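Have a look at the structure below before the remarks.
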Amino acid sequence: MNEPFMLLPVTSQNKQTVIAIRGCNEFTARYGLQLSEPEIQLLTENRREALERSGRIEFGGGVIQKLIMEFSDSPFLRQENYLETLTELQECFYYFKNEALEELSDDELIKLMKKYFDDVCQGSVEYLQTTMLENYCRDVRYGTTKYRDMDGYEDDYIEFLDWDERE
Amino acid sequence: MNDILKYQVISESRLDPSHYFQSLFQESCRTGLLSDLQIERIQLELVELMGKEIERYTNDESSSVPVEKAQEILQSITCNMGYFLKNTTDMTQKIDILKEIRIRDLFHNGMEAVSACKKRAEGLLKELQKNSLKPDNYAYHDTIFTGLPEFFHNYDIEFGAHKIPAGIDYPVFVTITDLPGAEYIEEYLKRLTLEDSFLKSFPVTAVNQLLKGFDREAEHMLVNLFELVLTNTIGCALLGQNLTELDIGPGERLWLQDSLEYLDKTALEHKLEAALTEIGRELMLDAEVHAYARSILSPLTSRLVHNLQTRTLGKLFIAFERQPAEEASYYEDGIPMEDEKLRALMEQLRDCAKTSDKITLLRENIKSMADFAELMEECFYEEEYDEVLLELSEHERRILRKVILLEDGAERIEGYEPQKLWQKKLFRLDDSK
């Protein structure tokens, strides 16, 4: 009786994620990046697992659409590593949402990830996770403003992508 | 089974007041009152509403939240909906609402209803802050002036409807165990108002003295004043004395022990009920206050049975704190009476029919404990010993023991065996405390 989520169906949320991911293919085609149906299903399943591992819950299509749109123009993303990188980025995203104690919005965190992925981390999600994001979120947790002084941070802060314009 | 019969299958007693929406939904599913389509519709609309509420909660900055936060938000949603349904009196109507009304609308109706509940509770609090009795009890005062206002400041109807974000320490007599959020606070304030209304029948000085008699540190204790005062009021009613005086001293307790100890539980309950009726009439209690006060009958009867059996009525009926023995007492050990006067006094005492009259004569005439000891042996019967000894203060009893020890040539109390029955009772009296 005290478990509120017994009221909520799971399958409808997965459907929305699949639709959202499928919708990105048209945009990412210009970068030579496409996800097949089985790959979409795998990514959707990974989203569910990543959320479970990070102790988070998401309604609607999820953040994967924003991740795809933001990273699709990365020079380090190719069709050969597309699914694997997206899977790792998705996992990384939910992990660091917790690590930053909800202090970073989705857009802020995605922009940060993209900036360091393309720059210092040279396309390595592992490097992104274990160094740049780890340090950044530690600063956020301790309330130090050191992260504001990171290279290029002031220029990029709260410069949100306008999704409509990009499409 | 047609729908009308099915509606009757869901009884209010099967529904959990603290998770009302969930239990009504479950019962409706179990009894087949909701079709599969209706169940799916409700669930999908809940998912949609959750998504919207999480968006609002995060100012649309996050698509995901920690599971604990999502559970809280969902609990708040269902609490609001549950409150609205709870206040719909007819079970048929409740089910129809589930079937027909969109979840989003049910949630907003619920928030309006909870908001109204919160406003009513605020009104009750303002009244209490203005007019309540001001007894010497920190928790009582702090709850009304700090704890409860904190609730109204912090309460979040949209995202925390089920929570009670405040420190509410003072315990009401009939505790509330199964209500969430503002509903709990409204009910708490209703009960506190009833209790305060009863307490205002008494001078605050009497209530404070009763508290001190209960415990010297009662000012800092979490104790329900209503129960203490009502219990003593009932004791006063049983004694036939002024209800608002509240004090029940050792002599009165002895009288109660003698008059009640051979009654069985049922007879005791009837006595208490009659006392309560008399209290309601004499203090002109409001019907609601009187009905609330009746909740003491069952627990008080059980306690009374136990305390009578163990001769510990002092734990049930409280005596005001007695003045310290440093003050002037009737029995300062002064000069003994002349023999002739002592004999005349003995004659007078033997002629008295009532023990209370004998005690009055003692008080008016005796200054020496040695004289007192002689009169105890000559003029009082065994059944009177307890009452007379309890009339003495602790200080006087200590002097009396010393007088007895001196007369017997004993140096100390340890190991001393008194010879006479009244002396045995005297020496046992402090051991039993």
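The values are calculated or read from the model by the stated rules, or taken from the named source; none is laboratory data. Keep in mind the model is a prediction, meaning the values are calculated, not measured. Positions of Cβ are backbone-derived with ideal geometry, glycine not excepted, and every protein chain shown enters the neighbour counts. Surface accessibility is based on the protein's heavy atoms, side chains included, excluding ligands, DNA and RNA. Shrake-Rupley method; radii C 1.70, N 1.55, O 1.52, S 1.80 Å.
Descriptive notes on the structure:
- Distance from segment A:65-107 to segment B:149-196 (C-alpha centre basis), Å: 45 Å
- Mean Cα-pair separation over length for segment B:174-234, i.e. relative contact order, pairs under 8 Å, 6 or more apart, %: 27 percent
- Average other protein chain Cβ within 10 Å of Cβ, residues A:48-56: 2
- Average projected area [Cα convex hull, segment B:206-248], square nanometres: 2.6 nm²
- Here the Karplus curve 6.51 cos²θ - 1.76 cosθ + 1.60, taken at θ = phi - 60°, turns the phi angles of segment A:79-89 into couplings of 4, 5, 10, 4, 5, 4, 5, 4, 4, 5, 5 Hz, with x standing for Gly and Pro.
- For chain B, fraction of C-alpha pairs farther apart than 30 Å, in %: 61 percent
- A viscosity of 0.692 mPa s and a temperature of 37 °C, combined with the Kirkwood radius over Cα pairs in Stokes-Einstein, give a translational diffusion coefficient for the protein assembly as shown of 105 µm²/s.
- Cβ-placed point charges (K, R +1; D, E -1), dipole of chain B about Cα centre in debye, nearest 20: 1100 debye
- Relative contact order of chain B: 11 percent, from C-alpha pairs under 8 Å at least 6 residues apart in sequence.
- Trypsin sites (Lys or Arg not before Pro) restricted to segment A:35-91 and DSSP loop, no more than 13 other C-beta within 10 Å: A:Arg78
- Of the residues B:Leu124, B:Gln26, B:Val114, the one whose Cα sits farthest towards the positive end of the charge dipole of segment B:1-150 is B:Leu124 (charges of +1 on Lys and Arg Cβ, -1 on Asp and Glu Cβ, taken about the Cα centre).
- Dividing the alpha-carbon radius of gyration of segment B:249-306 by the rule-of-thumb value 2.2 N^0.38 Å gives 1.22.
- Interface between chains B and A: roughly 2200 Å² of accessible area buried, both sides summed (probe 1.4 Å, protein heavy atoms only).
- Percent of C-alpha pairs per 5 Å bin in segment B:252-404, short distances first: 1, 8, 14, 15, 14, 12, 10, 9, 8, 5, 2, 1, 0.
- Interface burial in segment B:52-67, defined as at least 10 Å² less accessible area with all protein chains than with the chain alone at a 1.4 Å probe, covers B:Ile54, B:Glu61, B:Ser62, B:Ser63, B:Ser64, B:Val65, B:Pro66, B:Val67.
- What the Cα convex hull of segment B:100-164 gives, in volume per residue, is 85 Å³.
- Each label was represented as a point 7 Å from its Cα along the Cα-to-Cβ direction; for B:Thr312 and B:Cys29 these points are 5.1 nm apart.
- Evaluating kT/(6 pi eta Rh) at 20 °C and 1.002 mPa s, with the Kirkwood radius of segment B:351-409 over Cα pairs in the Stokes-Einstein relation, gives 179 µm² s⁻¹.
- Of the two radii for segment B:28-152, the radius of gyration is 1.11 times the Kirkwood radius, both from the alpha carbons; that is the Rg over Rh value.
- Carbon plus sulfur fraction of accessible area for segment B:173-293, probe 1.4 Å, in percent: 50 percent
- With helices as the sole contributors, chain B gives -20000 deg cm²/dmol at 222 nm; each DSSP H run of n ≥ 4 counts as -39500 (n - 2.57), and the sum is divided by every residue.
- Solvent-accessible heavy-atom area per residue, rounded to whole Å², over the protein assembly as shown at 1.4 Å: 51 Å²
- For the protein assembly as shown, size of Cβ-based charge dipole, Lys and Arg +1, Asp and Glu -1, in debye: 1220 debye
- For segment A:52-129, with all protein chains in place and a probe radius of 1.4 Å, 45% of the accessible heavy-atom surface sits on carbon or sulfur.
- Dividing the mean sequence gap of close Cα pairs (under 8 Å, 6+ apart) by how many residues segment B:76-225 holds gives a relative contact order of 28 percent.
- The chymotrypsin sites (Phe, Trp or Tyr not before Pro) found in segment B:224-291 that occupy coil by DSSP, while having at most 13 further C-beta atoms within 10 Å, are B:Tyr262.
- Those trypsin sites (Lys or Arg not before Pro) in segment B:14-115 that DSSP places in a loop and that have at most 13 other beta carbons within 10 Å: B:Arg102
- The dipole here belongs to segment B:1-145: it is taken about the Cα centre, uses +1 on the Cβ of Lys and Arg and -1 on the Cβ of Asp and Glu, and is about 440 debye.
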